[in-house]
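Structure, as structure tokens:
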Amino acid sequence: MITFPCAKLNLGLNVVSRRADGYHDLETVFYPIPLHDALEICEMDADFPSVPDCDIKVTGIDIASNDEDNLVSKAYRLLAADYTLPRLHVHLHKGIPSQAGLGGGSSDAAHMITLLNSAYQLGMDTEKMERYAARLGADCAFFIQSCPAYAHGIGDLLEPLGEGIPQLKGLYLALVKPDIAVSTKEAYGNIHPRQPEKCCRDIVHQPIETWCDDLYNDFEEPIFDLYPEIGFIKQCLYDMGAVYAQMSGSGSSVFGIFREAPTQVAETFAHHFTAIMRL
């Protein structure tokens, strides 16, 4: 069986407070985009000499680990502790760049949960799968349904945007991921929590032309100070005609939203990962 985990954008990201447990409360809007990995499972032969019960092979771009630290393997072990599962071969083909703020690893883990639930008739409903996913990472639960949602808490409390964000439909998205890895620890280390004047949940329903004045990613300022190239990419997207541009998550990918299909993106950012898609 095969499934296709999608990437996400953060439309606004505000770090509003530091928690007693050392984590941070935040507010963001998760928005799925048509950029995918591929995740395939098949059962091992009884005589196959594999030590782990979940034998994973990773191919594609930015090849992630093939060992038991992979989030897909962790998702398998999480469910195997509560359900009877066969030993599996897993092939994960990466089309979503890693350390990009696009949630690729979280999406892979969540889709492993939904794939196992379907393939082996585990009988979990959406809420139960989301609870399992949340144990693997703050944004993993979002990918169980992969529908536009307002997220708060540490990113694990989801309020689906039932109507989605209609004004994005039919627009074009340009995505640029430089060869820069921003660690989550590094990103949070320079953050000064604050409550935004407007909640991103409300801003995303305004005309897109107003987003540049109202919709912020709090990680941008400290990350741009550390890696000016990322800020340069954002400005380039505006210079190319984007109606809105922002870094996604804690970076390092930057996206621009365009009313017409942008040209010269691949040429302008020849040494970076780029993708153009219609929303």
Exercise. May I ask you to give the solvent-accessible area per residue for the stretch 126-279, in square angstrom, as obtained with a 1.4 angstrom probe?
Key: 48
Quiz item: Relative contact order, percent, of the chain when contacts are C-alpha pairs under 8 Å separated by at least 6 residues?
Solution: 23
Quiz item: Of all the accessible heavy-atom surface of the stretch 169-224, with the other protein chains kept in place and a 1.4 Å probe, what percent is carbon and sulfur?
Solution: 48
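Can you tell me which of 103-113, 254-264, 47-57 comes out highest on packing, and rank the rest after it, using the mean Cβ neighbours within 10 Å?
Listed from highest to lowest mean packing, they are 103-113, 254-264, 47-57.
Let me know the charge dipole size of the stretch 159-279 about its Cα centre in debye, to the nearest 20, where only the beta-carbon of Lys, Arg (+1) and Asp, Glu (-1) is charged. Present the calculation step by step, with values, prior to reporting the outcome.
Values: 9 positive and 17 negative charges, 68 e Å.
For this selection, approximately 320 debye.
Only Lys, Arg, Asp and Glu count, each charged at its Cβ (+1, +1, -1, -1), so figure out the dipole size of the chain about its Cα centre, rounded to 20 debye.
Details: 20 positive and 38 negative charges, 46 e Å.
My answer is approximately 220 debye.
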Quiz item: log₁₀ I(q)/I(0) of the stretch 145-279 at q = 0.10 Å⁻¹, via Debye over equal Cα point scatterers, no solvent, to two decimals?
Solution: -0.34
Practice problem: Before rounding to the nearest 500, sum -39500 (n - 2.57) across all DSSP H runs of length at least 4 in the chain and divide by the residue total; then give [θ] at 222 nm in deg cm²/dmol. | Solution: -7000 deg cm²/dmol
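Tell me the per residue accessible area of the stretch 1-57 using a 1.4 Å probe; a whole number in Å² is fine. Write down the numbers at each step before the final one.
Details: 2740 Å² over 57 residues.
Result: 48 Å² of accessible area for each residue.
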Quiz item: Mind checking which lysines have their C-alpha under 23 Å from K74, skipping anything on the same chain fewer than 8 residues away?
Solution: K8, K57, K94, K128, K185
Quiz item: Near the amide H of A141, under 5 Å away, which other amide H atoms are found, from residues 5 or more places off or on another chain, if H is placed in the peptide plane?
Solution: A134
Self-check item: Angle in degrees between helix 71-80 and the longest Cα principal axis of the chain, rounded to the nearest 10
Solution: 40
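Give me the percent of the accessible area of the stretch 84-155 that comes from carbon and sulfur atoms, probe 1.4 Å, all protein chains in place.
Values: 1140 of 2540 Å².
The C+S portion of the solvent-accessible surface of the stretch 84-155 is 45 percent.
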Practice problem: Just the number, please: percent antiparallel of the DSSP beta bridges in the chain, rounded to the nearest 5. | Solution: 85
Quiz item: Once phi is turned into θ = phi - 60°, what whole-Hz ³J(HN,Hα) does the Karplus curve with 6.51, -1.76 and 1.60 give for every residue of the stretch 45-53, x standing for Gly and Pro?
Solution: 5, 4, 8, 5, x, 10, 6, x, 6
Exercise. Please sort by residue number the GluC sites (Glu not before Pro) in the stretch 188-246 whose DSSP state is loop and whose Cβ has at most 12 other Cβ atoms within 10 Å.
Key: E197
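The values are calculated or read from the model by the stated rules, or taken from the named source; none is laboratory data. Not measured: the values here are computed from a predicted model. Cβ: placed from backbone, ideal geometry, glycine included. Neighbour counts: every protein chain shown. Side chains included, ligands, DNA and RNA excluded: accessible areas come from the protein's heavy atoms. Shrake-Rupley method; radii C 1.70, N 1.55, O 1.52, S 1.80 Å.
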